[in-house]
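Visitor: Quick one: this structure, given as structure tokens, is what I'll be asking you about.
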Amino acid sequence: VRQYHHDLSAAAPEAVAEVLARYTGDRWLWRGMHPFHEQTGAEAVADMFWSPLKASFTRLQRRPDIFLAGRNEMDGFHSVWVVSMGHLMGLFDHPWLGIRPTGRITMLRYVEFNRVENGKITETAMFCDIPQVMVQAGQNPFPPQTGAHLVQPGPMTHEGLMWGAQDPAKGKATLDAINAMLTGMGRSERSSKPNPNYADILAETWHEDMIWWGPYGIGATYTIERYIKQHARPFGQALNDGYRFNGHLCRVAEGHFGGFFGWANLTVRNSGGYMGMPAGPQPADMRVVDMYRAENGKLAENWIFIDLLHFLNMQGLDVLARNSAL
């Protein structure tokens, strides 16, 4: 995967398909956020995502903050996945997805899960924060968010790039902390009414000074109390009606880091007001990636990627088309 990243970064837009074909299986399944969705094979992924991105962002480089490998809990720890998270940075010189270029440095926040079998990448989930690019380009698509907008830093401990083998006991402890948090979320009732015990439930698995690095449209927040106020409570008040957890496709950990993704993790109905949207007439999917840093048995940092463009599109708002028409 590291060699794949190196060669992909060095490839010209017209050479991307050849690089992808060299490192991926014949029936490579690639999952991307709206408007990319599911693609199969190197040619399709190059045409849909990588070639246009590299043509729009001059001298695109990958700047990872987390790099880990692990076995997937979701299939009984059988498959091996490699995860990279950070930013893709380039000079935004040409339009991308209808977003008008700036000619300046622009950071695209990303996380990539790659399943590796017999020396080939056979399955990928590539999540990136497209609205954050829109904001950097001065084309904010959303009303004011509840958290803070930042070009998000990597782990506070600067130990996320695990190029070598790690102590398996640390990875198990991290995965245990993630699973304990998920169990606690199941106990903490999702309701539009304030739960007086919610902070205590979170404190069982989260550090008090937790940092929740949310996607643009929601924003980042710091400490349990502000997390509840600036994300959990608005989310619960607007999206509690018909909330359904669909599960994860991959959940892995190595060292003090781990994470998961689903397709889609959640199905919810907007009862009104969430992200400035009126009530939605039907349920909508949330495709989500969570990445975590654990410390002393609890979770200290959480990086979130949500396909908000897909979620809003399912409710009748095509953010990219609206932006292109301006």
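The values are calculated or read from the model by the stated rules, or taken from the named source; none is laboratory data. Because the structure is a prediction, the values reported are computed rather than measured. Cβ sites come from the backbone with ideal geometry, for glycine too, and all protein chains shown count toward neighbours. Heads up: the accessible areas ignore ligands, DNA and RNA and are worked out on the full protein's heavy atoms, side chains in. Shrake-Rupley method; radii C 1.70, N 1.55, O 1.52, S 1.80 Å.
Visitor: Give all pairs with beta carbons closer than 9 Å in which a residue from region 197-210 that is farther than 16 Å from residue 182 by Cα and among the acidic types (Asp, Glu) meets a residue that is at pLDDT 95 or above and assigned to a strand (DSSP E or B); count only pairs at least 6 apart in sequence or on separate chains.
Guide: As it stands, the answer is 209/222; 209/300, since those pairs meet every condition given.
Visitor: Oh, and also: Spot the failing condition for residue 235; the list is (1) surrounded by fewer than 21 Cβ atoms within 10 Å (Cβ to Cβ); (2) in contact with a helix residue (DSSP H, G or I) (Cβ under 9 Å, 6 or more places away or on another chain); (3) in a loop (DSSP other than H, G, I, E, B), and only one is missed.
Guide: Tallying (1) surrounded by fewer than 21 Cβ atoms within 10 Å (Cβ to Cβ); (2) in contact with a helix residue (DSSP H, G or I) (Cβ under 9 Å, 6 or more places away or on another chain); (3) in a loop (DSSP other than H, G, I, E, B), residue 235 fails exactly one: (3).
Visitor: Kindly indicate whether any position in region 71-80 is of a type in the set (Val, Ile, Thr), touching a Leu at 6+ places or on another chain (Cβ under 8 Å) and either buried (at least 16 other Cβ atoms within 10 Å of the Cβ) or free of Cβ contacts under 8 Å to residues at least 40 places away in the same chain (or both).
Guide: No, the conditions are met nowhere in region 71-80.
Visitor: Taking the options 67, 49, 127, name whichever one is modelled with pLDDT of 95 or more, of a type outside the set (A, V, I, L, M), assigned by the TED database to the domain that holds residue 16 and in contact with a Ser or Thr (Cβ under 8 Å, 6 or more places away or on another chain).
Guide: 67
Visitor: Looking at (1) without any contact (Cβ under 8 Å) to a residue 60 or more places away in the chain; (2) closer than 28 Å to residue 221 by Cα, which is the one condition that is false for residue 164?
Guide: Unmet for residue 164, out of (1) without any contact (Cβ under 8 Å) to a residue 60 or more places away in the chain; (2) closer than 28 Å to residue 221 by Cα: (2).
Visitor: Then there's this: Would it be correct to say that residue 40 is open to solvent by 20 Å² or more (accessible area, probe 1.4 Å), without any contact (Cβ under 8 Å) to a residue 24 or more places away in the chain and hydroxyl-bearing (Ser, Thr, Tyr)?
Guide: yes
Visitor: Give the number of residues within region 264-293 that are modelled with pLDDT of 90 or more, of a type in the set (A, V, I, L, M, F, W, C) and open to solvent by 10 Å² or more (accessible area, probe 1.4 Å).
Guide: Matching residues across region 264-293 total 3.
Visitor: Name every residue in region 217-228 that is within 22 Å of the chain's Cα centre (by Cα) and open to solvent by 20 Å² or more (accessible area, probe 1.4 Å), in order of residue number.
Guide: 222, 223, 226, 227, 228
A quick yes/no check of all residues on (1) touching a Lys or Arg at 6+ places or on another chain (Cβ under 9 Å); (2) in the same structural domain as residue 266 (by the TED database); (3) buried (at least 21 other Cβ atoms within 10 Å of the Cβ); (4) outside any helix (DSSP H, G or I):
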residue: 144; (1), (2), (3), (4): no, no, no, yes
residue: 183; (1), (2), (3), (4): no, yes, no, no
residue: 207; (1), (2), (3), (4): yes, yes, no, yes
residue: 215; (1), (2), (3), (4): yes, yes, yes, yes
